[in-house]
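Take a look at the structure set out below.
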Amino acid sequence: MKHKKIFQISLDAILLSLLIISAQISMKVGLVTFTFQLFTIYLIAFLCDLKHSGIILTCYIIMGLMGLPVFGASQGGLSYVLTSTFGFVYGFYAIILMVSLAKKLSKEHKNLKLIYYTISSLVSLIILYIIGFIHGYLVLNLLNGKGYSLNKLFALFIAPYIPFDLLKIALSLLISERLYPLISKFFLYYHFKSIDSTSTYLKRNYKKLDNLTFVSADYQEAGKGRMGRKWESSSNENLMFSFLIKDAKLIDKYASISLASAVSIFKVLKKLKVSNVSLKWPNDVYVDGKKICGILLESVSENNQISCLIVGIGLNLNVESFPEEIAKKATSYFLETNKKISLSRVKRKVYKELQKSLNEIKKGNSSYLDLANEYNYLKNKEVYAEYLGERVLVKVLNINPDNSLKVLVNNIEKDIFTGEITFHLS
Ligand code: BTN
């Protein structure tokens, strides 16, 4: 997407400028020049992925070596390679590598993020000191014949930096923790005027997208419904979006995702003062017996393992009428309230509610089941359904803790899982 690229390039340019500026804020004490570069390097490493941190740092070094005065105390040029402090400049690569490793690890163990970040920061700082020290030793002693002892060099060249460098890392971690959610929000959200299907888009691109990427569209040329049906909607009247689940803990809770998503939509509709909202197991939201929202849960597997889940949601909002064949079965926010509503307002609410509910599921909280049972549209109703290839009359009882549905078929209790039954409601 073009505007994502523009945003990324602008962010890279801002961080590169910040790196140049922070190298100019310097103070020379003996052999040591204190600068703010380290603060910016950690900021870059915390905020950007390895590729972009690498691009920023490489641009910085190339600019400096080409003669632009971007290194410490406005120095530059090829000869800077032979100064005693250049080791610290190329040593910055160790920082971005280590922090990117910590990021990778903390994606899998989110609760250990701070520990991974702290360890990687400290280890990378030590590596930076080693590289800087060796480079300084070679330049000062071998090239310039200064004859400093290792101890003296350490006392002059490394020791004075330590407390300030630790402070810079702490400050950078603190600031990046504030900035990261704002920046990542921009990369997690995609909107298209027209697309084949928001779910298909995620299926095509899931490898390069992050967990909880959210894709919406004004219009879908090939919108998909459950059971291979089409999902049709005129442009910009209804909410159509999909989101991507890559978090292993959530993938494990596969069976809860549809119903919990439906409960999130239920909550938003309640907040929007729609009355008589109910849930139809496993993934529809109804108002007064008509469907207002459908949810399509898909998974992508590789080597017999689920790599991601894609949740597609279609919520009828401003549509004023439905084609005759579905008019009796479908409804919209407008038809229920006689009011039009801003799609982006609902989108924001839905996104928040979904995030909340996914966090709860991850923690093992299943309070969504209580709501789903309380507002189960089919509860205690007798309906015809297609079950095991036969049309049978079933009485719907309740939703079980494992998300299956308890029903009575010929007076025998059965627990039915998603996909095993299709209700014929009219
Ligand atoms: C159902 O059949 O009830 C599920 C309908 C799901 C429709 C949504 S609209 C956004 C997303 N993209 C698709 O192609 N389908 C889902």
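Peptides 376-383, 289-296 ranked from most to least packed by the mean count of surrounding Cβ atoms within 10 Å: 289-296, 376-383.
Accessible surface area normalised per residue over segment 244-388 is 48 Å², counting heavy atoms of protein chains with a 1.4 Å rolling probe. When the listed pairs Lys5/Lys362; Lys246/Lys280; Lys291/Lys363; Lys107/Lys168; Lys4/Lys110 are checked against a 28 Å cut-off, the alpha-carbon distance exceeds it for Lys5/Lys362; Lys291/Lys363. Straight-line cross-link partners of Lys340 among the aspartates and glutamates, defined as a Cα under 14 Å from its Cα and at least 8 positions apart when in the same chain: Glu237, Glu320. Take the Cβ atoms of Thr337 and Met227, set R0 to 30 Å, and the FRET efficiency comes out at 0.50. Among the DSSP helices (H) of the chain, those spanning at least 24 angstrom by Cα along their long axis with an average Kyte-Doolittle hydropathy of 0.5 or more are 2-24, 92-108, 113-137, 162-188, 254-271; this is a geometric and hydropathy rule only. For the peptides 172-184, 113-125, the ranking by mean Cβ contacts within 10 Å, running from highest to lowest, is 113-125, 172-184. Of the cross-linked pairs Lys103/Lys349; Lys347/Lys381; Lys113/Lys208; Lys224/Lys271; Lys349/Lys395; Lys113/Lys249, those separated by over 23 Å at the C-alpha level are Lys103/Lys349; Lys347/Lys381; Lys224/Lys271; Lys349/Lys395. The GluC sites (Glu not before Pro) of segment 263-362 that meet both conditions, a loop assignment by DSSP and at most 13 other Cβ atoms within 10 Å of the site Cβ, are Glu320. Straight-line cross-link reach from Lys28 at under 18 Å between alpha-carbon atoms covers these aspartates and glutamates, not counting any fewer than eight positions away in the same chain: Asp165. Averaging the Cα positions of each part gives two centres, and for segment 376-403 and segment 285-331 these lie 19 Å apart.
Heavy-atom surface analysis with a 1.4 Å probe gives the chain a carbon and sulfur content of 59 percent of its accessible area.
The values are calculated or read from the model by the stated rules, or taken from the named source; none is laboratory data. The structure displayed is predicted, hence computed values, not measured ones. Every residue, glycine as well, gets a Cβ built from its backbone with ideal geometry; the counts of neighbours run over all protein chains shown. With ligands, DNA and RNA removed, areas are computed over all heavy atoms of the protein, side chains included. Shrake-Rupley method; radii C 1.70, N 1.55, O 1.52, S 1.80 Å.
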